[in-house]
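*Asks:* Dropping a structure here in structure tokens format, bear with me for questions.
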Amino acid sequence: MKRILSVLLALVLLAALCPTAYAQAEAPSFAVVDITEMDIPALQQAVDDGYLTYEQIMVLYLERIEAYADMYHCLISVSKTALEEARECDRIYRESGRTSLLFGLPAIIKDNINVAGMATTNGHRYLAGNIARTDAPVVAG
């Protein structure tokens, strides 16, 4: 469970953004709420009220990352499994509820912090092959 949460939260700074990676998402890229003005409790309340799913939240954030990537150049990469992990969080939420206030929500993890399966580069291209085997304690929760 912690692994799912930590990896889902791992929108990690690593390699270039891939704009087409999220095109296969089944969730609509619109919402009846404005996520840009919502804090964590409000996002979780929108899930509780049935206005959003974790997959929809992830799609909305991934679209914002893509829309502003060229303008701000602040992300090196995004987890390629983010949508699958969001779907898994939706399944877990339906079956047994959330396990924490951060459950299912996207987060950006700086690339000097280990996230299992992703490169820990500290912003250096020559460290692109430095793939973390385990999550740092701050990611693992």
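Read-outs: derived from the displayed coordinates by stated rules, not from any lab. Remember, predicted model here, so these are calculated numbers, not experimental data. Cβ placement follows ideal geometry from the backbone for every residue including glycine, while neighbour counts extend to all protein chains displayed.
*Asks:* Could you give the length gained on full extension between ASN122 and THR134, defined as 0.36 nm per residue of separation minus the Cα-Cα distance, in nm?
*Replies:* Numbers: separation 12, 0.36 × 12 = 4.32 nm, distance 1.64 nm.
Full extension from ASN122 to THR134 adds 2.7 nm.
*Asks:* Would you please put 34-43, 98-107 in order of how densely packed they are, using the mean number of other Cβ atoms within 10 angstrom per residue and starting with the highest?
*Replies:* Details: 34-43: 11.4, 98-107: 17.6.
Averaged packing, sorted descending, gives the order 98-107, 34-43.
*Asks:* Can you give the translational diffusion coefficient of region 35-133 in µm²/s, computed by Stokes-Einstein from the Kirkwood radius over Cα pairs at 10 °C and 1.306 mPa s?
*Replies:* D = 107 µm²/s.
*Asks:* Ranking request for peptides 47-60, 72-85: highest mean number of other beta-carbon atoms within 10 Å first, then the rest in descending order. Don't jump to the answer; show the numbers that get you there.
*Replies:* On the way: 47-60: 19.5, 72-85: 17.1.
Result, highest mean first: 47-60, 72-85.
*Asks:* Calculated FRET efficiency, ILE40 and HIS73, Cβ-Cβ r, R0 41 Å, to nearest 0.05?
*Replies:* Details: r = 26 Å, r/R0 = 0.64.
Efficiency at R0 = 41 Å is approximately 0.95.
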